[in-house]
Amino acid sequence: MNIQYHYKKAAVLLKRGRSSGATPIFFVHDGTGRIEGYFKVVELVEHSFAVYGITLDERVGYAPQNISIEELAVSYIEQVKQVQPGGPYFIAGWSIGGTIAAEMARILEAEGEEIGCCVLVDAPPPGYYPRQDAQPFSAESETDYIRPFLHNEELLKRWSRSRSAQAFWTAVADTLQPPDFDRTSFLRYVREEWADIFPDGSGLSLHQLFCAVNIVRTLHRARAAYVPRGSIDSPVHVFQATESPLEGMDRWGRYCAHPVYIPAEGNHYSLFDARHSPAFARQFNRILEGAAAPKKSG
């Protein structure tokens with residue numbers, strides 16, 4: 001079975017700017033690897049900007065990958081430069097998208113590029129998650145992960161002899177039959193672990209379900225392992241949800257020379273819904289207008 005995830009190799013245009021020369025702004029995908037979460041707020045972004053979505057890296061798919069935030073950032077910079085070869089660059093992201101956006105800004109700045117704007121939307125800072133979440137994926141880790149939900153012990157023994165997590169999940173894709181798997185218990189576990197990301201997986205095939213779950217696991221492991229190699233000198237705007245706020249958001253100040261913290265109405269998962277998008281967009285557009293304004297000389 002082909003276990004490659006279907007992805008786009010280029011940034012996706014979500015909204016055209018008012019003119020053909022509109023400044024691009026890039027929104028980096030969230031923890032699902034998708035960009036649909038931005039759709040409502042994108043419509044409210046200042047019309048002088050063309051809005052693009054950065055989609056999932058090609059290496060992330062059905063099997064969990066030991067990929068880093070730095071690798072993702074380098075890959076996404078390539079997508080950005082297909083649209084905009086030179087700066088100043090405007091980059092934003094929600095949740096893990098903010099983490100990746102920050103690393104993109106750091107790398108671009110280190111390459112001598114200008115960062116017009118970097119916006120992190122309720123992005124947990126480096127060190128927020130326990131180090132155990134950063135453990136690499138292996139055949140052993142995946143055997144332990146799937147064991148509670150498998151009825152066929154002989155299959156599990158065979159898969160456990162795989163040489164890597166990739167080989168393990170290739171074997172799963174090739175040999176697992178629905179009767180051998182406790183789908184109900186797995187869905188319950190996934191919803192407890194990632195409730196707001198997987199509110200309902202009942203309509204997904206096992207292949208689709210494993211793909212969605214392992215994308216989230218891959219991105220989460222990358223974020224948990226991330227320690228920036230330097231600081232961002234350009235201003236970084238950090239939106240913080242006012243409902244159920246994340247702890248330690250001021251730790252972004254260790255990696256951003258000039259962080260600007262901004263309260264945002266809603267909780268981590270409601271910032272861009274129909275109720276809260278207008279308030280967020282008003283603040284976001286003020287940042288864009290200020291960043292795009294001509295700089296005074298002297």
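The values are calculated or read from the model by the stated rules, or taken from the named source; none is laboratory data. Worth saying up front: this structure is predicted, and the values here are computed from it rather than measured. All Cβ positions, glycine included, derive from the backbone under ideal geometry; neighbour counts span all protein chains shown. Areas reflect the complete protein model, heavy atoms only, side chains present, ligands, DNA and RNA absent. Shrake-Rupley method; radii C 1.70, N 1.55, O 1.52, S 1.80 Å.
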For peptides 152-160, 127-135, 64-72, 280-288, sequence by mean Cβ density within 10 Å, most packed first: 64-72, 280-288, 152-160, 127-135
Mean Cβ-within-10 Å packing, highest first, puts peptides 12-21, 81-90 in the order 81-90, 12-21
So between Asp182 and Arg275, what do we pick up on full extension, going 0.36 nm a residue minus the alpha carbon distance? 29.7 nm
Order of 140-148, 266-274 by packing, highest average Cβ count within 10 Å first? 266-274, 140-148
Theoretical gain in end-to-end length, Leu156 to Gln283 [0.36 nm per residue, Cα-Cα removed]: 40.5 nm
Residue ranges of DSSP H helices in the chain that stretch 24 Å or more (Cα, own long axis) and have mean Kyte-Doolittle hydropathy of at least 0.0 are 206-225
So how much slack lies between Glu243 and Ser231, counting 0.36 nm per residue of separation and subtracting their Cα-Cα distance, in nm? 1.5 nm
Express the carbon and sulfur contribution to the solvent-accessible surface of the chain as a percent, rounded to the nearest whole number, probe 1.4 angstrom. 48
Could you work out the helix-only [θ] at 222 nm for the chain, with each DSSP H run of four or more residues adding -39,500 (n - 2.57) and the total divided by the number of residues, to the nearest 500 deg cm²/dmol? -11000 deg cm²/dmol
Correct choice for Cα extents along the principal axes in Å that was computed from the model, options (1) 52, 42, 41; (2) 74, 39, 38; (3) 67, 46, 30: (2)
Amide H neighbours of Ala241 under 5 Å, at least 5 residues apart or on other chains, H built in the peptide plane: list them. Asp122, Leu246, Ala264
Hey, how many Å between the Cα centroid of segment 112-155 and the Cα centroid of segment 198-265? 11
If R₀ is 30 angstrom, what is the calculated FRET efficiency for the pair Glu140 and Phe39, using the beta carbon separation as r and rounding to 0.05? 0.15
